[in-house]
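Engineer: Following this message is one structure expressed as structure tokens.
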């Protein structure tokens, strides 16, 4: 895919195309791309017609993403318990010291490759701490997660299937052991919150809790890395906004939300069409796949006036970076906590943080080998 020095280039290009053709077939994605905000939003809300059931064919068959209707609603209620406001506040207390330690170390160097030297390991350390998992899982856990996500992103590629299946089995076995230990010993951590949530809804089973924990690891690892990279990149590429955030800490939340629109790594989401339907004047056949292009929707001028401009005072439409409707990302509260803690720690530790003028950043679809838009590296000066 084409590379750009700005994370906003993909969305801007797709939105411009969408002004003339709301749906176009893309050979690379092997599906029609739905480009306009109103059509993407409508499809995300209509889970009966635009379904996630295709996830049921692989290792995520028991995960919430693969469910619709009553089974999905039941499991969603459980997840909402361990991502409640009270639980999230407790998670934030644990995450802030990790962020300070991780990004405080960055300040010791004058030149830093921020992804490799800080961002890439941060989400896994957060999960290890929140779940009460021994440090021994660190590097091995990263390897398992990468192998599984690579497989999920290319399920028909036999060259990655065996490694992905083996990694999924090993991560599931490891997690299952942790769940059994936690249920016996009862600690005050996120894993305990998850178990108690399932028990409170009379929905506990070892398999279901294990699937929930593995799903969080898979959904919160690489995407969080790219969300942090996107947020930092957005501010470094918009120095006036960065100066405002430094001058007024309360603007950090607005900066994160605008970065999630302007540079979100979730370029789009596949959906299975369950019935013959017409969307934006285009006939879509039952059994076909469509790609709901969030990147294009984020630059739709009908919803976001002057979409190319990164604005801390933007009002109006919320971003679609966490999805919309019944399958809105259940882990969004934790993702926001992680990014906010990381951004605050990084800006506090590095008052002179700026892009390395000798190395231009590069953004493209498929960054780090995953099905998202982002970057492999972010060279900065501290």
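Engineer: Which residues, taken from region 312-351, are more than 17 Å from the chain's Cα centre (by Cα) and outside any helix (DSSP H, G or I)? Before you say what the answer is, go through the steps one by one.
Structural biologist: If we filter region 312-351 for residues that are more than 17 Å from the chain's Cα centre (by Cα), which is where we start, we get 312-317, 344-351.
Passing the criteria: 312, 313, 314, 315, 316, 317, 350, 351.
Engineer: What single numbered condition from (1) modelled with pLDDT under 95; (2) farther than 26 Å from residue 341 by Cα; (3) in a loop (DSSP other than H, G, I, E, B) fails to hold for residue 267?
Structural biologist: All conditions are met except number (2).
Engineer: Any chance you could count how many residues in region 195-250 are under 22 Å from the mean Cα position of the chain (by Cα), at pLDDT 95 or above and either outside any helix (DSSP H, G or I) or surrounded by fewer than 21 Cβ atoms within 10 Å (Cβ to Cβ) (or both)?
Structural biologist: Residues meeting the conditions: 2.
Engineer: Every residue in region 251-281 that is without any contact (Cβ under 8 Å) to a residue 12 or more places away in the chain and crowded, with 22+ Cβ neighbours inside 10 Å, please. Can you show your working first?
Structural biologist: From region 251-281, those without any contact (Cβ under 8 Å) to a residue 12 or more places away in the chain are 276, 278; that's our starting set.
Within region 251-281, none qualify.
Engineer: Quick one: residue 198 ticks every box in (1) touching a residue at least 40 places away in the same chain (Cβ under 8 Å); (2) closer than 17 Å to residue 55 by Cβ except a single one, so which number is it?
Structural biologist: For residue 198, the failing item is (2).
Engineer: A follow-up question, please. Farther than 18 Å from residue 77 by Cβ and part of a loop (DSSP other than H, G, I, E, B): which single residue out of 164, 187 fits that description?
Structural biologist: 187
Engineer: Give all pairs with beta carbons closer than 8 Å in which a residue from region 109-133 that is at positive phi and touching a residue at least 24 places away in the same chain (Cβ under 8 Å) meets a residue that is surrounded by fewer than 23 Cβ atoms within 10 Å (Cβ to Cβ) and outside any helix (DSSP H, G or I); count only pairs at least 6 apart in sequence or on separate chains.
Structural biologist: Listed by first residue and then by second, the contacts come to 132/187; 132/189.
The values are calculated or read from the model by the stated rules, or taken from the named source; none is laboratory data. Values in this document were obtained by computation on a predicted structure and should not be read as measured data. A quick note on method: Cβ atoms are made from the backbone with ideal geometry, for glycine too, and the neighbour counts reach across all protein chains shown.
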